[in-house]
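Okay, so here's the structure we're looking at.
The values are calculated or read from the model by the stated rules, or taken from the named source; none is laboratory data. Predicted, not measured: the structure shown is a model, and the values here were computed from it. All Cβ positions, glycine included, derive from the backbone under ideal geometry; neighbour counts span all protein chains shown. Areas reflect the complete protein model, heavy atoms only, side chains present, ligands, DNA and RNA absent. Shrake-Rupley method; radii C 1.70, N 1.55, O 1.52, S 1.80 Å.
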Amino acid sequence: MTLEGLADLWFLPVNVLITCVIGSILGWILVIVTKPPRHLWGLVISCTSAANLGNMLLIILPALCKEKNNPFGEVASTCSANGKAYASLSLAIQIIYIWSVLYFLLRMYANNEVKETNSNNSIIVAANGCTRDVLHDPVGLPQIQNDRNQKVSTTVKFKQLFMKIMRSESLRKIFAPATIAAIVGFLIGIATPIRKTFIGDSAPLHVIYSAAELIGNAGIPSITLIVGANLLKGLSGSGVRPSVIIGILIIRNIFLPISGIGVIKAAKHLSLVDENSFYLFTLLIQYAIPPAMNIGTINQMLGSGESEFSMIMLWNYILAIFTLTFWIGFYMWLVI
């Protein structure tokens, strides 16, 4: 992925964000209609907005290119290289979206579950007559904050604010390892001197690139095993209502793929995308991919909605065996 290639593919990251926006709107409507528990609102919206664009596209696109009768009319090696570039760019944008917008969304509604639990505990304690006011000073004296009376210069205030932001837990979550990897990958790709240092048989640090590529090739089967392990948890059941699961399935497997056809048709009409059939197919298939696995990682970190997510993912990936196959065939017929 070079700077020139990134400029040619400018609509691809925009399309990823469009899928997220449409999915979020549909997810919000689903939340209003089905009224799940409030601490699951973020999970429902996340499952309808973020797709598994990483390993799913890295599996699907090169596999189609290696078919003997390649339907896109490109040389297999060129087609596979383009497919990896499309998948990597999609993954980078999706990763940033998940660990910024969706992380805060999931954390906000997970905090509601904690508040509800604390509220219930307070009621139980009150019923036993064991409550006490812990908000007042033990001796009944008002708390005096002398800091309010201190005058701090504007420079010091900005410095304190900057240091607070840099040390905040939220910022560290945004710059998760996957986000940092996406940023580093972009920098290596778009900066010609850095790219020539790592990439190419004659590059002085080619061994680092080869080692990273070797580890990356093992990443896809490893993630697939993790997907299977998470789906297994869904067999034990959860508290999520069937109406919520059915709503997510309809959005992800019917509404989003159909809306993708309209978006890409409009983009072609406005000359925002090229007529390359493989590129158009990639844009369309982004709307038909099942939910992202990173949502489950965030739920595990927050300690909320793990079993519910596993149940949602179980039914999504079972249904995707049929729906994703259908949409792949239909999209190929549409662009070729």
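Remarks
- Every residue from the range 297-309 that is surrounded by fewer than 23 Cβ atoms within 10 Å (Cβ to Cβ) and either at pLDDT 90 or above or not in a loop (DSSP other than H, G, I, E, B) (or both): THR297, ASN299, GLN300, MET301, LEU302, GLU306, SER307
- Residue within the range 106-116 that is at pLDDT 80 or above and in contact with a Pro (Cβ under 8 Å, 6 or more places away or on another chain) present: no
- Residue pairs meeting the criteria (Cβ under 7 Å; at least 6 apart or on separate chains; first farther than 12 Å from MET313 by Cα, in the range 240-259; second of a type in the set (Lys, Arg) and crowded, with 19+ Cβ neighbours inside 10 Å): none
- If the condition is being open to solvent by 70 Å² or more (accessible area, probe 1.4 Å) and either modelled with pLDDT under 80 or under 19 Å from the mean Cα position of the chain (by Cα) (or both), then the range 228-246 contributes LEU232, LYS233, LEU235, SER236.
- Enumeration of residues in the range 52-82 that are outside any loop (DSSP other than H, G, I, E, B), under 19 Å from LEU225 (Cβ atoms) and touching a helix residue (DSSP H, G or I) at 6+ places or on another chain (Cβ under 6 Å): ASN55, LEU57, LEU58
- Here SER202 clears all of (1) at pLDDT 70 or above; (2) exposed (fewer than 10 other Cβ atoms within 10 Å of the Cβ); (3) in a helix (DSSP H, G or I) except the condition numbered (3).
- Scoring LEU89 on the criteria (1) within 20 Å of ILE251 (Cβ to Cβ); (2) open to solvent by less than 10 Å² (accessible area, probe 1.4 Å) leaves a single failure, condition (1).
- Residue within the range 247-269 that is of a type in the set (Lys, Arg), open to solvent by 50 Å² or more (accessible area, probe 1.4 Å) and in a helix (DSSP H, G or I) present: yes
- When VAL273 is tested against (1) out of contact with any Ser or Thr (no Cβ under 9 Å at 6 or more places or on another chain); (2) in contact (Cβ under 8 Å) with a residue 60 or more places away in the chain; (3) in a helix (DSSP H, G or I), exactly one condition is not met: (3).
- Number of the condition not met by ASN55 [criteria: (1) open to solvent by less than 20 Å² (accessible area, probe 1.4 Å); (2) modelled with pLDDT of 80 or more; (3) closer than 29 Å to PRO177 by Cα]: (2)
- Tally of residues being assigned to a helix (DSSP H, G or I) and at pLDDT 90 or above across the range 278-296: 8
- For the range 280-336, the set of residues classified as under 15 Å from SER49 (Cα atoms) and not hydrophobic (A, V, I, L, M, F, W, C) consists of GLN286, TYR287, PRO290, PRO291, ASN294, GLY296, ASN316, listed by residue number.
- Scanning the range 22-48 for residues being in a helix (DSSP H, G or I) and open to solvent by 60 Å² or more (accessible area, probe 1.4 Å) gives a total of 6.
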